[in-house]
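Visitor: A single structure is presented below for examination.
The values are calculated or read from the model by the stated rules, or taken from the named source; none is laboratory data. Treat the numbers as computed from the prediction; the structure is a model and nothing was measured. Methodologically, a virtual Cβ is constructed for each residue, glycine included, from the backbone with ideal geometry; neighbour enumeration extends over all protein chains shown. For the accessible areas, the whole protein counts, side chains as well, though only heavy atoms, and no ligand, DNA or RNA atoms are used. Shrake-Rupley method; radii C 1.70, N 1.55, O 1.52, S 1.80 Å.
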Amino acid sequence: PKLNSVTLIGRVGNDPDPRYFDDGKVVLNLSLAVKRKYHPLERKARNIQSGEEETDWFPLEIWGRDAEYASKYVDKGCRIGVTGSMNIDSWTDKATGENRERAKIIVRHLDILESKAEGDLRRQNRRGPSFYMGNDDDDDDDDGSGPGSAGSGGFFD
């Protein structure tokens, strides 16, 4: 049997920019940064210190409802998990005439792995420090504007 299944967890490297086609289909291309994790013995053998892990980048192609969902709720830096299959695109470079290939992940399932509060805090930190310490919100943090999350407890950071 042939099996082509990929599961990745990482952070989105670009803001979503969905493309809509005349026939109503939508596609979203994102990049996903995934840190390499090492077993402590492998870390010792390779002399890799904590924080020196390499990051692998994976191009993602998301279609249909998942693309619309991701374009609405995902932004740069968002922690997501995806399941899909690897596909190799092949083409001839018009400038050089060389054959080119590029691997990409065709996403079948996408999960947002951060809570709304974690995403808001991440976006606030990306904009820079804020000197306002007040609280404009009432006690109800769930305004229904985004997906809920069971939280990760910092496991995927």
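Visitor: Could you please give the count of residues in segment 1-14 that are open to solvent by 60 Å² or more (accessible area, probe 1.4 Å) and among the small types (Gly, Ala, Ser)? Before you say what the answer is, go through the steps one by one.
Guide: Filtering segment 1-14 down to residues open to solvent by 60 Å² or more (accessible area, probe 1.4 Å) leaves 1-5, 7, 9, 11.
In the following step, the residues that additionally are among the small types (Gly, Ala, Ser) were identified as 5.
Here the count works out to 1.
Visitor: Give me the pairs, please: first residue somewhere in segment 98-124 and under 12 Å from ARG79 (Cβ atoms), second residue anywhere and acidic (Asp, Glu) and not in a strand (DSSP E or B), beta-carbon distance under 6 Å, and either six or more positions apart or on two chains.
Guide: Between residues of segment 98-124 that are under 12 Å from ARG79 (Cβ atoms) and residues that are acidic (Asp, Glu) and not in a strand (DSSP E or B), the close pairs are LEU110/ASP66.
Visitor: Residues of segment 24-49 being open to solvent by 60 Å² or more (accessible area, probe 1.4 Å) and over 19 Å from SER71 (Cα atoms), which ones?
Guide: Taking segment 24-49 first, the residues open to solvent by 60 Å² or more (accessible area, probe 1.4 Å) are 25, 29, 35-37, 39-42, 44-47, 49.
Matches in segment 24-49: LYS35, ARG36, LYS37, HIS39, PRO40, LEU41, GLU42, LYS44, ALA45, ARG46, ASN47, GLN49.
Visitor: Given the criterion open to solvent by 70 Å² or more (accessible area, probe 1.4 Å) and among the acidic types (Asp, Glu), identify the matching residue among ASP89, ASP75, ASP17. Lay out the reasoning, then the answer.
Guide: Details: ASP89 fails: open to solvent by 70 Å² or more (accessible area, probe 1.4 Å); ASP75 fails: open to solvent by 70 Å² or more (accessible area, probe 1.4 Å).
Exactly one residue qualifies, and that residue is ASP17.
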